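J.: Okay, here's the structure, questions in a sec.
The values are calculated or read from the model by the stated rules, or taken from the named source; none is laboratory data. Bear in mind that the values here come from a model prediction, so they are computed numbers and not experimental data. Using ideal geometry, Cβ is built from the backbone for each residue, glycine included, and neighbour counts are taken over all protein chains shown. Just so you know, the surface numbers come from the protein's heavy atoms only, side chains and all, with ligands and any DNA or RNA stripped out. Shrake-Rupley method; radii C 1.70, N 1.55, O 1.52, S 1.80 Å.
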Amino acid sequence: MMQKWKCRGFAAASCLLLALWAAMMWQGAGAVQELEEQEQSLHQMQEEYAALERLQEEHPDVEKYQLEVEMEKKRVAALLPDEMQTGVFLQELKAASDRTGMVLCELVPEEAQEENGLSAMPVRVNLQGDYFSLVRFLRALQNGSRFMQVVAMDVASKGDFLDCRLQFKIFSEKL
């Protein structure tokens, strides 16, 4: 009978040790997962800190940076004005052609229409000039003060010059 009690005691002790071992493993797995989450959080915080340091290195003078941001906001707002301001755009187009060496032969603004919640006005332009003047003209428009879209472009050679027919769309918030 003593032998039975010894076996049962041994079995009970083994079960208890097994239960303790399982509990430790379960706690250890939870601790490992928590440690991984903390490492991930630490890595994310380090990345954010590095981004802030880079921003501070790029813009050591905060007031100057804020001024640059405000100027950029104004520039972007001017790309899509509230009103069409057709005359201003046509003057800019003429000035760009003069600056780049293109000869403006025809300039025809058409009636504005609504397009995707914005007002869009097509403008047809006929120009003459050499290849490099045309490239400078297109770059001047790309870097201009107004958001515009080139809808169509037809370029043909006429002797030493290129005859260019362009159609643009300029946009505004309202008609």
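J.: Just give me the residues in the stretch 147-175 being surrounded by fewer than 17 Cβ atoms within 10 Å (Cβ to Cβ) and farther than 25 Å from Gln85 by Cα, in sequence order.
T.: Of everything in the stretch 147-175, those that are surrounded by fewer than 17 Cβ atoms within 10 Å (Cβ to Cβ) and farther than 25 Å from Gln85 by Cα turn out to be Asp154, Val155, Ala156, Ser157, Lys158, Gly159, Asp160, Asp163.
J.: Quick check on the stretch 126-146: of everything there that is within 16 Å of Leu90 (Cβ to Cβ) and out of contact with any Pro (no Cβ under 9 Å at 6 or more places or on another chain), which residue is most open to solvent (accessible area, probe 1.4 Å)?
T.: Looking at residues that are within 16 Å of Leu90 (Cβ to Cβ) and out of contact with any Pro (no Cβ under 9 Å at 6 or more places or on another chain), I get Ser145.
J.: Report whether or not Gln85 is under 22 Å from the mean Cα position of the chain (by Cα), open to solvent by 90 Å² or more (accessible area, probe 1.4 Å) and not charged (D, E, K, R).
T.: Judged against the criteria, Gln85 is not a match.
For (1) closer than 30 Å to Lys174 by Cβ; (2) surrounded by 10 or more Cβ atoms within 10 Å (Cβ to Cβ), each residue gets a yes or a no:
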| position | (1), (2) |
| --- | --- |
| Ala12 | no, yes |
| Glu39 | no, yes |
| Gln44 | no, yes |
| Leu55 | no, yes |
| Glu63 | no, no |
| Leu79 | yes, yes |
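J.: So, in the stretch 91-120, of the ones that are among the small types (Gly, Ala, Ser) and surrounded by fewer than 17 Cβ atoms within 10 Å (Cβ to Cβ), which residue ends up modelled with the lowest pLDDT?
T.: Gly117
J.: Still on this model: When the stretch 137-171 is examined, which residues are found to be polar (S, T, N, Q) and out of contact with any helix residue (DSSP H, G or I) (no Cβ under 9 Å at 6 or more places or on another chain)?
T.: Answer for the stretch 137-171, where residues must be polar (S, T, N, Q) and out of contact with any helix residue (DSSP H, G or I) (no Cβ under 9 Å at 6 or more places or on another chain): Gln142, Asn143, Gln149, Ser157, Gln167.
J.: Further, regarding this structure: Need pairs with beta-carbon distance below 7 Å; first residue free of Cβ contacts under 8 Å to residues at least 40 places away in the same chain and aromatic (Phe, Trp, Tyr) and within the stretch 49-78, second exposed (fewer than 10 other Cβ atoms within 10 Å of the Cβ) and in a helix (DSSP H, G or I); sequence gap 6+ or separate chains.
T.: So the pair list comes out empty.
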